[in-house]
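Data block below; observations after.
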Amino acid sequence: MAININSVYKAVLVVLQQEKRGVLTPVEFNKIAAQAQQEIYTSYFDELNLVLRMPQTSLAYADRMAILDEKIQIFKRNETKTTVLAASALTTTLSNVNELGSVIYLAGGAVAGREVQRIQEQDVYTVNESPLTKPTAFYPVYTYEANVLTFYPNTIPAGANMRVNFLAYPVDPIWGFDIQANLGNYIYNPQNSTNFEIHQSDQPLLVDK
């Protein structure tokens, strides 16, 4: 569940008032809010690396791996992309990708499909030249550079569907506002606002940041 940006802003203003640290305008808050959310989002993966090295517990509500997965799953995306033939290469373009997961080739409209193997750009020539590793239309491979997936071989039909699983970046939060005509006060406008996307349990940490 998303964290309401107005709740965070009001909490921050209360803290600033109690500590006599001045006024934080909505424009300043929005810039800091985006940075704070990104820091917390990045910390999920640092914490995940630590948890993977530690003994795990299967106790309910104490499984740190499950708790982290619940936080990360907010950003899991599953999109079906259509390939296009451009400059003799079969490609499709992605956006807002933080971490690319699996790519599934839905050959012939298959529901399950086949997972496409990822290779590095520098390995394309070697893979294509070897009879044992040369990709086929049944077992294709792909490279991922600059948000573009390039598939080999290009004998895969243009317009083929690829199901792409990835982690997206969190959308920048925005505290939208109107200015009161008489007093010049900032009035919260939920229609022009974007809430925080990170997990609700991180609201105290978010306010603190």
statement: Cross-link reach from LYS134 to lysines, straight Cα distance under 29 Å and at least 8 residues apart if same chain, gives LYS81
Carbon and sulfur %, accessible surface of the chain computed with the full protein complex present, 1.4 Å: 54 percent
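Where a ≥ b ≥ c are the square roots of the eigenvalues of the C-alpha gyration tensor, would you call the stretch 106-209 rounded, which needs a/c under 1.5, or, failing that, prolate if a/b is larger than b/c, or oblate?
Cα axes put the stretch 106-209 in the prolate bin.
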Long-range tail of P(r) for the chain (Cα pairs > 33 Å, %): 39 percent
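Calculate, in nm to one decimal, what MET54 and THR93 gain on full extension: separation in residues at 0.36 nm each, minus their alpha carbon distance.
Additional length available on full extension: 10.3 nm.
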field: Reachable aspartates and glutamates, given that their alpha-carbon falls under 16 Å from the alpha-carbon of LYS71 and they are not under 8 places away in the same chain
entry: GLU39, ASP46, GLU47, ASP63, GLU99, GLU197, ASP202
query: Out of TYR152, SER43, LEU85, whose Cα points farthest toward the positive end of the dipole of the chain (charges: +1 Lys, Arg; -1 Asp, Glu; placed on Cβ)?
result: LEU85
- prompt: Give me the log10 of I(q) over I(0) for the stretch 94-149 at q = 0.17, 0.26, 0.29 Å⁻¹, as the Debye formula computes it from C-alpha points; what are the numbers?
  reply: -0.63, -1.12, -1.19
Segment LEU106-ILE187, extension gain: residue separation times 0.36 nm, minus the distance between their alpha carbons: 24.2 nm
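Using the heavy atoms of the protein chains and a 1.4 angstrom probe, tell me the accessible area per residue for the chain in square angstrom.
Heavy-atom accessible area per residue stands at 61 Å².
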query: Which lysines have a Cα less than 30 Å from the Cα of LYS76, not counting those fewer than 8 places away in the same chain?
result: LYS10, LYS31, LYS209
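The values are calculated or read from the model by the stated rules, or taken from the named source; none is laboratory data. Every value quoted in this text rests on a predicted model; they were computed, and no experiment measured them. Ideal geometry is used to build each Cβ from the backbone, glycine not excepted, and the neighbour counts take in all protein chains shown. The accessibility values were calculated without ligands, DNA or RNA, using every heavy atom of the protein model including side chains. Shrake-Rupley method; radii C 1.70, N 1.55, O 1.52, S 1.80 Å.
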